[in-house]
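> Handing you this structure, nothing more for now.
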Amino acid sequence: MHIFDEETQRISDEIGAYVDLRLRMDPVALDQPKSFAQLSELAGQTITADGLGGSQALKLFTDVLAPACISTDHPRYLAFIPTAPTELSSLFDLVVGASGIYGGSWLEGAGAVYAENQALAWIASLAGFPETSGGVFMQGGTIGNLSALVTARESARSEYGNEYRWVLLVSESAHSSIASAARVMDVDICECAVDESGRLTGDSVREAVNSLSGNQRAFAVVATSGSTNLGTIDDLTSIADAAEEHGLWFHVDGAYGAAALAAPSVRALFDGIERADSFIVDPHKWFFAPFDACALIYKNPDLGKRAHTQEAGYLKSLQEPDAWNPSDFGVQLSRRPRGLPFWYSLASHGTRKYVEAMERTLEVARDAAKLVSECLVTEVVYPPSLSIVAFRRIGWTPAQYKSWSDQLLADQIAFVTPSTHQGETILRFAIVNPRTTPEDIATILATLA
Ligand SMILES: *Cc1c(COP(=O)(O)O)cnc(C)c1O
């Protein structure tokens, strides 16, 4: 198996040709899932004692398995949060896979970690964080949020002792990963009220702190900068004030939205993020990188290190005083240098192209909102603050939304799924792909008539 012979050469060419073809598709095929029964029929048992051979297994993937996966980078994939990796970032993902680099320590991965850290430093600078800030690329926002909050609680423990029942302050629009982190950490959640535009404010944080009872003590507040459902951004400045008054760790979950820190037209919405103790942003969402990467950045990385460094005799040789070991900053040890595809594309294209691509998606979101309000059967539920357009199809029941969405995918027109807001079924366009055009939006709206 561990050999580069003629057959391996042929498969290398075949894989190269497939990657070439996939990356040239404009647009890619949208594709759709198949049932287990269909896949069993088409793909059958793929693991055998003798093996299928590389060509046959690749053919199985390209002809059967890949078409049974929706292309998240299709310009009319507007459900959830899509992806839109640059061609260069996707290509470099192959390089990372072929390079045998361990990204957990400086000793083993210095060159990769150096490059990843420059990409992190660019993101940190967008947020107005100091040069001494830093962090790590983790698997995704869920793990990034968890890692930041573990650091927050560790810091609170060392400052206030551990006789408390720890409480995490969040808003109702916080992402589900925050509740998941609270469950993993066994801390209580206190849901703070939001204002009429759905934003968390400093006043509601203060109220929540005052409502705690017994031995409860709040250790952190999580603000969302770009909620997943509507794209709303919490009032970061007033939350920073409240966090300061009450000695709370201030974490900003920008998994989707914080990429727009790079966009001058909306940068002011993020004012106050520079006062956070930590924040995250997922390059696989709106920073044009492939799955999966989340940038977690601490203002004071030493606190992350204190919370997360794993101790073991065989790891001691990695702990040089000045060594920057990415595994020290989150819940993980072994890691691929998953920030490198993002780094390569950013280093190749330069930051200006990123700003332009970001502004383009924001522009299309504004156009989309306009088209929705001009369409006779739809109305905007929430005007886009970033690139999510939430809207309703007037008069439809939840069942009608669902069958429309299913049909849209079955017809291979688009992937748009129903969501809910304040108990009402709604639709949303999440636009992160610079290839998505107002014509794509019009095509989808035409099917709602
Ligand atoms: C997507 C998202 C997450 C979770 O990120 P994953 O990379 O999917 O784990 C967390 N918070 C927000 C606001 C998100 O949009």
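> Evaluate segment 220-233: report whether one residue or more is outside the structural domain of Leu386 (by TED's automatic domain parsing) and away from the ligand (no atom under 16 Å from the Cβ).
First pass over segment 220-233, keeping only residues outside the structural domain of Leu386 (by TED's automatic domain parsing): 220-233.
Subset that is away from the ligand (no atom under 16 Å from the Cβ): none.
No, every residue in segment 220-233 fails to be outside the structural domain of Leu386 (by TED's automatic domain parsing) and away from the ligand (no atom under 16 Å from the Cβ).
> Could you grab the pairs with beta carbons closer than 7 Å, sequence gap of 6+ or different chains, first residue in segment 333-348 and hydrophobic (A, V, I, L, M, F, W, C), second one part of a loop (DSSP other than H, G, I, E, B)?
These pairs meet every condition: Leu333/Gly104; Leu333/Gln310; Phe342/Phe287; Phe342/Ala289; Phe342/Ala293.
> Could you list all residues from segment 305-345 that are in contact with a Lys or Arg (Cβ under 9 Å, 6 or more places away or on another chain) and either assigned to a loop (DSSP other than H, G, I, E, B) or not hydroxyl-bearing (Ser, Thr, Tyr) (or both)?
The answer is Ala307, Asn325, Pro326, Asp328, Phe329.
> Out of all the residues in segment 112-142, which are free of Cβ contacts under 8 Å to residues at least 12 places away in the same chain and assigned to a helix (DSSP H, G or I)? Reasoning before the result, please.
Kept after step one, since they are free of Cβ contacts under 8 Å to residues at least 12 places away in the same chain, are these residues of segment 112-142: 114, 125, 131.
The answer is Tyr114, Ser125.
> Within segment 208-236, which residues are touching a Leu at 6+ places or on another chain (Cβ under 9 Å) and within 14 Å of Ala193 (Cα to Cα)?
Ala208, Val209, Val221, Val222, Ala223, Thr224, Asp234, Asp235 - these are the residues of segment 208-236 that are touching a Leu at 6+ places or on another chain (Cβ under 9 Å) and within 14 Å of Ala193 (Cα to Cα).
> I'd like the full set of residues that are over 26 Å from the mean Cα position of the chain (by Cα) and touching a residue at least 60 places away in the same chain (Cβ under 8 Å), limited to segment 292-328.
Taking segment 292-328 as the starting set, the residues that turn out to be over 26 Å from the mean Cα position of the chain (by Cα) are 311-323.
Ser317, Leu318, Glu320, Ala323, listed by residue number.
> Just to check your reading of the model, which residue among Asp271, Asp328, Asp277 is charged (D, E, K, R), surrounded by fewer than 20 Cβ atoms within 10 Å (Cβ to Cβ), in the same structural domain as Ser171 (by TED's automatic domain parsing) and more than 16 Å from the ligand (Cβ to nearest atom)? Please lay out each step first, then the result.
Details: Asp328 fails: surrounded by fewer than 20 Cβ atoms within 10 Å (Cβ to Cβ); Asp277 fails: surrounded by fewer than 20 Cβ atoms within 10 Å (Cβ to Cβ).
Sole residue among the options that is charged (D, E, K, R), surrounded by fewer than 20 Cβ atoms within 10 Å (Cβ to Cβ), in the same structural domain as Ser171 (by TED's automatic domain parsing) and more than 16 Å from the ligand (Cβ to nearest atom): Asp271.
> List the pairs whose first member sits in segment 388-404 and is closer than 19 Å to Gly231 by Cβ and modelled with pLDDT of 95 or more, whose second member is part of a helix (DSSP H, G or I) and among the hydrophobic types (A, V, I, L, M, F, W, C), and whose Cβ atoms are under 6 Å apart, counting only residues at least 6 apart or on separate chains?
Val389/Ala365; Val389/Ala368; Val389/Ala369; Phe391/Val372
> Kindly indicate whether Trp286 is more than 14 Å from the ligand (Cβ to nearest atom) and among the aromatic types (Phe, Trp, Tyr). Talk me through it step by step, then tell me what you get.
Working: more than 14 Å from the ligand (Cβ to nearest atom): no; among the aromatic types (Phe, Trp, Tyr): yes.
Criteria not met by Trp286.
> With Arg206, Arg199 as the choices, which residue is in contact with a helix residue (DSSP H, G or I) (Cβ under 8 Å, 6 or more places away or on another chain) and surrounded by 13 or more Cβ atoms within 10 Å (Cβ to Cβ)?
Being in contact with a helix residue (DSSP H, G or I) (Cβ under 8 Å, 6 or more places away or on another chain) and surrounded by 13 or more Cβ atoms within 10 Å (Cβ to Cβ) holds for just one of Arg206, Arg199, which is Arg206.
Here is a yes/no grid of residues against (1) acidic (Asp, Glu); (2) out of contact with any Phe, Trp or Tyr (no Cβ under 7 Å at 6 or more places or on another chain); (3) more than 16 Å from the ligand (Cβ to nearest atom):
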{"position": "Leu200", "(1), (2), (3)": "no, yes, no"}
{"position": "Val209", "(1), (2), (3)": "no, yes, yes"}
{"position": "Ala240", "(1), (2), (3)": "no, no, yes"}
{"position": "Pro264", "(1), (2), (3)": "no, yes, yes"}
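> Now a separate question. If Asn162 meets every condition in (1) without any contact (Cβ under 8 Å) to a residue 24 or more places away in the chain; (2) buried (at least 20 other Cβ atoms within 10 Å of the Cβ) apart from one, which number is that one?
(2)
> Output the number of the condition that Thr378 fails; it satisfies all remaining conditions of (1) of a type outside the set (A, V, I, L, M, F, W, C); (2) surrounded by 16 or more Cβ atoms within 10 Å (Cβ to Cβ); (3) closer than 22 Å to Asp73 by Cβ.
Just one mismatch for Thr378, condition (3).
> Could you check how many residues of segment 417-449 are of a type in the set (S, T, N, Q) and surrounded by 24 or more Cβ atoms within 10 Å (Cβ to Cβ)?
Within segment 417-449, residues that are of a type in the set (S, T, N, Q) and surrounded by 24 or more Cβ atoms within 10 Å (Cβ to Cβ) number 2.
> Taking segment 170-181 as the search range and keeping residues that are polar (S, T, N, Q) and either at pLDDT 95 or above or assigned to a strand (DSSP E or B) (or both), which one is surrounded by the fewest Cβ atoms within 10 Å (Cβ to Cβ)?
To start, the set of residues in segment 170-181 that are polar (S, T, N, Q) comprises 171, 173, 176-177, 180.
If we keep only those that are either at pLDDT 95 or above or assigned to a strand (DSSP E or B) (or both) too, we end up with 171, 176-177, 180.
Numbers: Ser171: 26, Ser176: 9, Ser177: 20, Ser180: 13.
The selected residue is Ser176.
> Are any residues in segment 407-416 surrounded by 16 or more Cβ atoms within 10 Å (Cβ to Cβ) and assigned to a loop (DSSP other than H, G, I, E, B), and if so, which ones? If you could, list the steps in order and put the result at the bottom.
To start, the set of residues in segment 407-416 that are surrounded by 16 or more Cβ atoms within 10 Å (Cβ to Cβ) comprises 408-409, 413-416.
Ile413, Ala414, Val416, listed by residue number.
> Sticking with this one: If I ask for residues that are among the aromatic types (Phe, Trp, Tyr) and more than 20 Å from the chain's Cα centre (by Cα), which ones from segment 90-107 would you list? Steps first, answer last, please.
As a first pass, look at segment 90-107 and keep what is among the aromatic types (Phe, Trp, Tyr): 92, 102, 106.
Result: Tyr102, Trp106.
> Do you know which residues across segment 398-424 are hydroxyl-bearing (Ser, Thr, Tyr), under 19 Å from Ile388 (Cα atoms) and over 24 Å from the mean Cα position of the chain (by Cα)? Walk me through how you get there before you give the answer.
As a first pass, look at segment 398-424 and keep what is hydroxyl-bearing (Ser, Thr, Tyr): 401, 403, 405, 417, 419-420.
Checking the rest, the ones that are also under 19 Å from Ile388 (Cα atoms) come to 401, 405, 417, 419-420.
If the condition is that a residue be hydroxyl-bearing (Ser, Thr, Tyr), under 19 Å from Ile388 (Cα atoms) and over 24 Å from the mean Cα position of the chain (by Cα), then Tyr401 is the only one that fits.
> List the residue pairs whose Cβ atoms are under 6 Å apart, where the first residue sits in segment 264-291 and is within 13 Å of Ala124 (Cα to Cα) and among the polar types (S, T, N, Q), the second is assigned to a helix (DSSP H, G or I) and at pLDDT 95 or above, and the two are 6 or more positions apart or on different chains.
Every condition considered, the pairs that remain are Ser278/Ala148.
> Now a separate question. Please pick out the residue among Ala79, Ala57 that is within 16 Å of the ligand (Cβ to nearest atom) and either part of a helix (DSSP H, G or I) or at pLDDT 95 or above (or both). Lay out the reasoning, then the answer.
Details: Ala57 fails: within 16 Å of the ligand (Cβ to nearest atom).
Exactly one residue qualifies, and that residue is Ala79.
> Considering each of Val150, Val95, Val167, Val184 in turn, give the residue that is assigned to a helix (DSSP H, G or I), away from the ligand (no atom under 16 Å from the Cβ) and either loosely packed, with under 13 Cβ neighbours inside 10 Å or not basic (Lys, Arg) (or both). Working first, answer last.
On the way: Val150 fails: away from the ligand (no atom under 16 Å from the Cβ); Val167 fails: assigned to a helix (DSSP H, G or I); Val184 fails: away from the ligand (no atom under 16 Å from the Cβ).
Of the residues listed, the single one that is assigned to a helix (DSSP H, G or I), away from the ligand (no atom under 16 Å from the Cβ) and either loosely packed, with under 13 Cβ neighbours inside 10 Å or not basic (Lys, Arg) (or both) is Val95.
The values are calculated or read from the model by the stated rules, or taken from the named source; none is laboratory data. Just so we're clear, the structure is a prediction, and the values are computed from it rather than from any experiment. In this analysis, Cβ positions are derived from the backbone assuming ideal geometry, glycine residues included, and neighbour counts consider all displayed protein chains.
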